[in-house]
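Reading through the structure tokens given below for one structure.
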């Protein structure tokens with residue numbers, strides 16, 4: 001089949017969307033990570049531990065499928081290695097992302113002794129720097145996974161321990177969160193100083209804040225204030241946009257997320273558990289991004305993928321602040337390529353603006 | 001207070017202590033159970049595990065969340081550690097068996113741990129294989145343990161792909177168990193596609209799903 005003739009390049013489309021100008025059709029943010037490196041013949045681990053390969057794979061895959069990608073680099077377990085913990089790279093047939101093998105915080109005592117690492121050399125940060133260097137020499141936006149302080153705190157001490165401290169030792173949980181927030185602010189400050197604030201859009205995801213894990217009240221006390229402080233710092237440094245990946249079932253947290261500054265406009269990455277219309281209600285001035293269920297992209301038929309995409313497009317196009325189609329979370333690394341092509345076909349059928 | 005009343009008060013106190021995440025109170029009451037010669041099986045099933053069951057119901061209603069479930073389970077296990085050694089063995093003999101694990105490639109184990117708690121509270125004998133479990137190991141353990149149910153968990157879309165392979169291995173095991181699956185990327189539809197016997201949306205409903213499968217098996 002033939003796709004309709006595009007009136008804008010992916011880069012023009014993205015730039016126009018971020019500047020609140022009209023665009024020809026709905027863009028697709030692919031949320032590719034391991035999918036991209038596998039797509040060009042590398043391994044999933046290469047996405048994480050080889051910024052050169054990652055950079056190339058993301059660009060090539062975006063070109064191949066005509067994605068409108070913010071080139072995304074990072075992983076959700078970020079924060080453990082940087083404070084002295086240990087991670088393992090994904091290996092074997094079924095791993096998707098780095099996993100924490102040793103948490104740097106095992107006791108209250110460890111929390112009291114916690115110090116900020118030297119940013120430039122800590123854990124994964126040299127990989128961020130290399131990825132940013134490559135992107136600064138190239139065109140287009142990119143996004144680095146700074147991640148929210150709450151998910152970072154869970155990465156320091158394990159989510160189970162964080163849950164215990166939330167109820168039994170809230171002062172310890174707050175101390176941990178404060179240190180993690182300072183760390184992330186220092187990291188963004190370093191990146192802003194070194195690379196400027198034009199091309200990189202900080203990515204702040206929070207899977208641990210899901211209401212499957214914590215209550216909205218816990219979110220309000222332990223997650224929101226720290227994310228808010230981080231976002232305020234990011235915007236004060238001169239970044240115009242933040243991508244907030246509100247991961248998982250967070251319906252009850254949305255009223256709180258809506259009090260956090262996101263930029264002008266911010267980009268709200270909506271998971272499949274939240275209706276796009278809910279996101280639009282709370283973020284009328286921001287770009288809404290989402291939310292095809294990744295499990296359907298992975299395990300569904302092309303017809304199911306097409307139908308889910310159609311539903312997202314028809315809901316999302318009403319977003320007053322703009323809309324990008326995207327998976328609700330990471331594009332499955334081993335998704336059938338035909339299902340990805342089907343997403344683009346559905347955009348061609350339902351995604352054009354008149 | 002007569003003996004029956006006191007027994008009832010201690011037992012319901014245990015349920016309440018688990019529900020209130022009060023480990024100290026659990027220890028006090030478990031000691032009383034032993035001192036007063038209260039039937040340990042009753043203290044466990046009508047006290048400790050009843051408290052955990054109610055906390056699970058509260059989770060389902062959105063009144064409790066994972067932090068509360070974790071602290072309730074801490075209280076449950078504290079009580080079980082004290083009382084289980086005093087349990088008469090013939091009561092152990094009728095327990096149903098569950099093997100549980102997070103499949104190869106995945107280290108996310110909070111959900112799996114909560115499933116373990118709920119099955120323990122429901123009186124099952126639980127064999128926890130941990131996380132990142134090699135698929136062949138599920139078959140090996142099944143041949144040794146002969147579990148009624150095997151629970152497989154995955155939280156990533158890549159590790160989800162290990163589930164149908166683990167199911168194939170378990171289907172070839174002798175005796176073949178019933179299989180339930182759970183974890184964020186899975187759904188009822190995908191569970192059926194992978195030929196699992198059941199899908200548990202969360203830890204709290206997992207025991208109900210397992211009981212239903214076994215009941216259907218018996219009636220067939």
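The values are calculated or read from the model by the stated rules, or taken from the named source; none is laboratory data. Computed from a predicted structure; not experimentally measured. Methodologically, a virtual Cβ is constructed for each residue, glycine included, from the backbone with ideal geometry; neighbour enumeration extends over all protein chains shown.
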On the basis of being in contact with a helix residue (DSSP H, G or I) (Cβ under 7 Å, 6 or more places away or on another chain) and either within 14 Å of chain B (Cβ to nearest Cβ) or at pLDDT below 95 (or both), does residue A:99 make the cut? no
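Listed residues B:206, B:147, B:196; which is within 30 Å of residue B:42 (Cβ to Cβ), assigned to a loop (DSSP other than H, G, I, E, B) and in contact with a strand residue (DSSP E or B) (Cβ under 8 Å, 6 or more places away or on another chain)? Give the steps one after another, and end with the answer.
Values: B:206 fails: assigned to a loop (DSSP other than H, G, I, E, B); B:196 fails: within 30 Å of residue B:42 (Cβ to Cβ).
Checking each option against the conditions leaves just B:147.
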Selection from segment B:189-208 of residues more than 8 Å from chain A (Cβ to nearest Cβ), in contact (Cβ under 8 Å) with a residue 12 or more places away in the chain and more than 20 Å from the chain's Cα centre (by Cα) yields B:194, B:195
The number of residues in segment A:16-29 that are out of contact with any helix residue (DSSP H, G or I) (no Cβ under 8 Å at 6 or more places or on another chain) and in contact (Cβ under 8 Å) with a residue 40 or more places away in the chain is 4
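Out of A:288, A:268, A:260, which single residue is over 25 Å from residue A:24 (Cα atoms) and more than 14 Å from chain B (Cβ to nearest Cβ)? Show your work before the answer.
Working: A:288 fails: over 25 Å from residue A:24 (Cα atoms); A:268 fails: over 25 Å from residue A:24 (Cα atoms).
Matching residue, one of A:288, A:268, A:260: A:260.
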So is residue A:32 within 20 Å of the chain's Cα centre (by Cα), closer than 19 Å to residue A:202 by Cα and either free of Cβ contacts under 8 Å to residues at least 12 places away in the same chain or surrounded by 22 or more Cβ atoms within 10 Å (Cβ to Cβ) (or both) or not? yes
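Output yes when any residue across segment B:123-132 is within 14 Å of chain A (Cβ to nearest Cβ), surrounded by fewer than 20 Cβ atoms within 10 Å (Cβ to Cβ) and closer than 24 Å to residue A:92 by Cα, and no when none is. Spell out the reasoning first.
From segment B:123-132, those within 14 Å of chain A (Cβ to nearest Cβ) are B:130-132; that's our starting set.
Pick out the ones that are also surrounded by fewer than 20 Cβ atoms within 10 Å (Cβ to Cβ) and you get B:130.
Then drop every residue that is not closer than 24 Å to residue A:92 by Cα, which leaves B:130.
Looking for residues that are within 14 Å of chain A (Cβ to nearest Cβ), surrounded by fewer than 20 Cβ atoms within 10 Å (Cβ to Cβ) and closer than 24 Å to residue A:92 by Cα, one finds at least one in segment B:123-132, hence yes.
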Scanning segment A:173-231 residue by residue, those closer than 25 Å to residue A:113 by Cα, within 14 Å of chain B (Cβ to nearest Cβ) and under 17 Å from the mean Cα position of the chain (by Cα) turn out to be A:208, A:223
Of all strands (runs of 3 or more DSSP E) fully inside segment A:6-120, the set with 3 or more residues that are closer than 27 Å to residue A:136 by Cβ is A:71-73
Flagged in segment B:94-114 as assigned to a helix (DSSP H, G or I) and more than 7 Å from every other protein chain (Cβ to nearest Cβ), in numbering order, are B:111, B:112, B:113, B:114
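For segment B:20-29, indicate whether the set of residues that are touching a helix residue (DSSP H, G or I) at 6+ places or on another chain (Cβ under 7 Å), over 20 Å from residue A:166 (Cβ atoms) and buried (at least 20 other Cβ atoms within 10 Å of the Cβ) is non-empty. Spell out the reasoning first.
Looking only at segment B:20-29, we keep the residues that are touching a helix residue (DSSP H, G or I) at 6+ places or on another chain (Cβ under 7 Å), and these are B:21-23, B:25-27, B:29.
Restricting the remaining residues to those that are over 20 Å from residue A:166 (Cβ atoms) gives B:25-27, B:29.
Keeping just the survivors that are buried (at least 20 other Cβ atoms within 10 Å of the Cβ) gives B:26, B:29.
Within segment B:20-29, one or more residues are touching a helix residue (DSSP H, G or I) at 6+ places or on another chain (Cβ under 7 Å), over 20 Å from residue A:166 (Cβ atoms) and buried (at least 20 other Cβ atoms within 10 Å of the Cβ).
Identify, please: which residue in segment B:168-186 is in contact with a strand residue (DSSP E or B) (Cβ under 7 Å, 6 or more places away or on another chain) and within 14 Å of chain A (Cβ to nearest Cβ) and is, among those, surrounded by the most Cβ atoms within 10 Å (Cβ to Cβ)?
Restricting to residues being in contact with a strand residue (DSSP E or B) (Cβ under 7 Å, 6 or more places away or on another chain) and within 14 Å of chain A (Cβ to nearest Cβ), the top hit is B:181.
Pick from B:34, B:69, B:29: which is under 30 Å from residue B:138 (Cβ atoms) and either part of a loop (DSSP other than H, G, I, E, B) or modelled with pLDDT of 95 or more (or both)?
On the way: B:34 fails: under 30 Å from residue B:138 (Cβ atoms); B:29 fails: under 30 Å from residue B:138 (Cβ atoms).
B:69 is the lone residue from the list that is under 30 Å from residue B:138 (Cβ atoms) and either part of a loop (DSSP other than H, G, I, E, B) or modelled with pLDDT of 95 or more (or both).
Quick one: how many residues across segment A:38-69 are free of Cβ contacts under 8 Å to residues at least 60 places away in the same chain, within 14 Å of chain B (Cβ to nearest Cβ) and under 17 Å from the mean Cα position of the chain (by Cα)? Spell out how you get there, then give the answer.
Step one: filter segment A:38-69 for residues free of Cβ contacts under 8 Å to residues at least 60 places away in the same chain, giving A:40-43, A:45-47, A:50, A:53, A:56-58, A:60-64, A:67.
Pick out the ones that are also within 14 Å of chain B (Cβ to nearest Cβ) and you get A:43, A:45, A:47.
If we keep only those that are under 17 Å from the mean Cα position of the chain (by Cα) too, we end up with A:47.
So the count comes out to 1.
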